[in-house]
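Structure record follows, encoded as structure tokens.
The values are calculated or read from the model by the stated rules, or taken from the named source; none is laboratory data. No experiment lies behind these values; they were computed from the predicted model shown. Here the Cβ is made from the backbone with ideal geometry for all residues, glycine too, and neighbour counts use every protein chain on show. Surface accessibility is based on the protein's heavy atoms, side chains included, excluding ligands, DNA and RNA. Shrake-Rupley method; radii C 1.70, N 1.55, O 1.52, S 1.80 Å.
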Amino acid sequence: MEIESLAMALEREHREIDAGIEAFTAGGRDREPLARAVRALRRHIYLEEEFLFPALHAAGLMAPVLVMLREHGEMWATLDALDGEPEADAAIVLCRRLTVQLLHHNLKEEKILYPELDRVVPEPQGERLRAFLESGEMPAEWVCVRARK
Ligand SMILES: [Fe+2]
Ligand SMILES: [Fe+2]
């Protein structure tokens, strides 16, 4: 069986997060899949900012990394609003905003940054990061770079 690359694992996580948001907006307004997607997205951003972007930045991809950091900051504000337990209609509006933010952001990551990961994140570090995607936890107080006061 083919071993899943780090890029593939991250793209799969993009799809899973999209599906969690979709389950809330299209489905029975069950908050649990949405809450899971919010937690997963915060952890996904943590992994990218702490472990992937520094390596990509050092490899010369400074401009796209700066754009991604800015967009993470914008998404983080949406996540904070969703964690503020908005009423159903407000939550839907926030989910639509997050979906648009993710659409543009994830496409750029998948086309520009993730294809470089095999080169800039060698094994066994790649394997450790894939393991983190399975079961790792973000430090409780961690906040994305562009959302820090
Ligand atoms: Fe990202
Ligand atoms: Fe991502």
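Working only within segment 107-120, note down all residues that are open to solvent by 80 Å² or more (accessible area, probe 1.4 Å) and among the charged types (D, E, K, R).
Lys111, Asp118, Arg119
Anything in segment 128-149 that is part of a loop (DSSP other than H, G, I, E, B) and open to solvent by less than 40 Å² (accessible area, probe 1.4 Å)? List them, or say none.
Matches in segment 128-149: Gly136, Trp142, Cys144.
Does Met8 fit the bill of being under 25 Å from Pro122 (Cα atoms) and in contact (Cβ under 8 Å) with a residue 40 or more places away in the chain?
Against the criterion (under 25 Å from Pro122 (Cα atoms) and in contact (Cβ under 8 Å) with a residue 40 or more places away in the chain), Met8 does not qualify.
Based on what the data block shows, is Leu61 of a type in the set (A, V, I, L, M), modelled with pLDDT of 95 or more and either over 15 Å from the mean Cα position of the chain (by Cα) or more than 25 Å from Val120 (Cβ to Cβ) (or both)?
Against the criterion (of a type in the set (A, V, I, L, M), modelled with pLDDT of 95 or more and either over 15 Å from the mean Cα position of the chain (by Cα) or more than 25 Å from Val120 (Cβ to Cβ) (or both)), Leu61 qualifies.
What are the pairs with Cβ atoms under 7 angstrom where one residue, in segment 74-92, is among the hydroxyl-bearing types (Ser, Thr, Tyr) and the other, located anywhere, is more than 16 Å from ligand 2 (Cβ to nearest atom)? Sequence gap at least six, or different chains.
If the second residue must be more than 16 Å from ligand 2 (Cβ to nearest atom), the pairs left are Thr78/Leu94; Thr78/Arg97.
Out of segment 25-38, which residues are under 17 Å from the mean Cα position of the chain (by Cα) and in contact (Cβ under 8 Å) with a residue 60 or more places away in the chain?
Leu34
Inside segment 52-106, can you point out the residues that are open to solvent by 20 Å² or more (accessible area, probe 1.4 Å) and among the β-branched types (Val, Ile, Thr)?
Selection gives Val67, Val93, Thr99, Val100.
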